[in-house]
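Computed from the coordinates by the stated procedures, all read-outs in this text should not be read as laboratory data. None of the values given here were measured: they were computed from a predicted structure. Here the Cβ positions follow ideal geometry from the backbone for every residue, glycine too, while neighbour counts run over all protein chains shown.
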Amino acid sequence: MIRLEYHSPEEQVTIPLANDQGQALWVKRDDLIHPFISGNKWRKLKYLLQKAKDQDKRHMVTFGGAWSNHLLATACAGAKFGFKTTGLVRGEEVRNPLLQVCALFGMELIFVSREAYRDKATLFEARYEADEQAFFIDEGGASAEGVQGCAELVDELEQEYDHIFCACGTGTTAAGILKGLQKQNAKTLFHAIPVLKNGSFMQAEIDQWFDIAPGYALHTDYHFGGYAKTTQKLLSYMQEIAAATGLLTDPIYTAKVFAAVKDLAEKGFFNQGEKILVIHTGGLFGLLGKLDEFKLPAGYML
Ligand SMILES: *Cc1c(COP(=O)(O)O)cnc(C)c1O
């Protein structure tokens, strides 16, 4: 069995709003699951690793951008559970702390052109046809097994919420949480926050995992310029959240979710007494790529 003991409590925090009031909410601390097999990436990998093991595959081959939390999670999980790992990285060769740590965990990194990267199945076939040990894991861990793993998050919840918010990249985590809510017949309204521009495509990405698509709210206006893009406003809100709550967010995913909750709260979206849960999907390594963009207090460099 592939097992990881972890702790992901629900914590109550109050996030700052522009009107000097605060919005109380709960945070599901999936960022505490593991420092490198972080957040939803553990949930998505869990049954994939099990499947690979059951099929006697010892070599994980997966895909991601140069700042992919999924690559890092796969690299660490591979080392921990006895798999060789290869990461096919989108774009020209670069060096950054995330990839360097992947390499520390023994992951082989291969940079592939954006064009070749688009067709991952073909790329895998071409390179690993002769490798009987090779096991394909899609970008971000997107898979039925990933959905299954993410659904378990809902079973862990200590109370029922009126609203649950989660960032969406591939939509796998969102689909899993919706499955979990469906199973429990929960009255919770799920809010999907795509972190990419023109996020309405996320609906099809989420709905593909269902025979009958569930209801949920899809907010496409909180991408802050697009995937891995950010604004000074978002960065300063991250600073505010960190200082007010002790929670670190990352500018690619979770900061955008907190910003969405803030904006909706300021617009009066929530009713008095409603319980709101934000899923902290982890991925704090993303912060390392943006640290220089924060306006830190004067005197910090002394
Ligand atoms: C990968 C990632 C997501 C996106 O998850 P999907 O299942 O691909 O939608 C969200 N948050 C963080 C921190 C991530 O690293």
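Sort Asp211, Asp263 by Cβ crowding within 10 Å, fewest neighbours at the top.
Ordered by Cβ neighbours within 10 Å, fewest first: Asp211, Asp263.
With a Förster radius of 25 Å, plug the Cβ-Cβ distance of Asp292 and Glu93 into 1/(1 + (r/R0)^6) and report the FRET value to the nearest 0.05.
It comes to 0.70.
Restrict the search to the range 145-254; then list the GluC sites (Glu not before Pro) that DSSP places in a loop and that have at most 15 other Cβ atoms within 10 Å of their Cβ.
Glu158, Glu160
From the P(r) of the range 82-139, could you give the percentage of C-alpha pairs in the tail past 13 Å?
64 percent
Pull up the cross-link candidates among the aspartates and glutamates for Lys267, meaning alpha carbon to alpha carbon under 18 Å and not fewer than 8 places away within one chain.
Partners found: Asp20, Asp162, Asp221.
Report, in degrees rounded to the nearest 10, the 0 to 90 angle that the Cα long axis of helix 40-54 makes with the longest principal axis of the chain.
30 degrees
Return the ratio Rg/(2.2 N^0.38 Å) for the chain, where Rg is computed over Cα atoms only.
In units of the 2.2 N^0.38 Å rule of thumb, it is 0.99.
From the Cα gyration tensor of the range 1-104, with a ≥ b ≥ c the square roots of its eigenvalues, which class applies: rounded if a/c is under 1.5, or else prolate if a/b is larger than b/c, or else oblate?
oblate
Taking Cα atoms, how many degrees apart are the long axis of helix 144-156 and the longest axis of the chain, rounded to 10 and kept between 0 and 90?
With rounding to tens, the tilt is 40 degrees.
Which of the trypsin sites (Lys or Arg not before Pro) found in the range 140-205 are loop residues per DSSP with 10 or fewer other Cβ atoms within 10 Å of their Cβ?
Answer in residue order: Lys187.
Using Cα atoms only, what is the angle between the long axis of helix 232-245 and the major principal axis of the chain, expressed in degrees (0 to 90) to the nearest 10?
Helix 232-245 sits at roughly 80 degrees to that axis.
For the chain, what is the calculated [θ] at 222 nm in deg cm²/dmol (nearest 500), taking -39500 (n - 2.57) for each run of four or more DSSP H residues and dividing by its residue count?
-10500 deg cm²/dmol
Got a sec? How would Tyr253, Tyr128 order by Cβ neighbour count within 10 Å, fewest to most?
Result, fewest neighbours first: Tyr128, Tyr253.
Give a quick list of GluC sites (Glu not before Pro) in the range 1-88 that DSSP marks as loop, anything other than H, G, I, E or B, with at most 11 other Cβ atoms within 10 Å.
Sites meeting the loop and neighbour criteria: Glu5.
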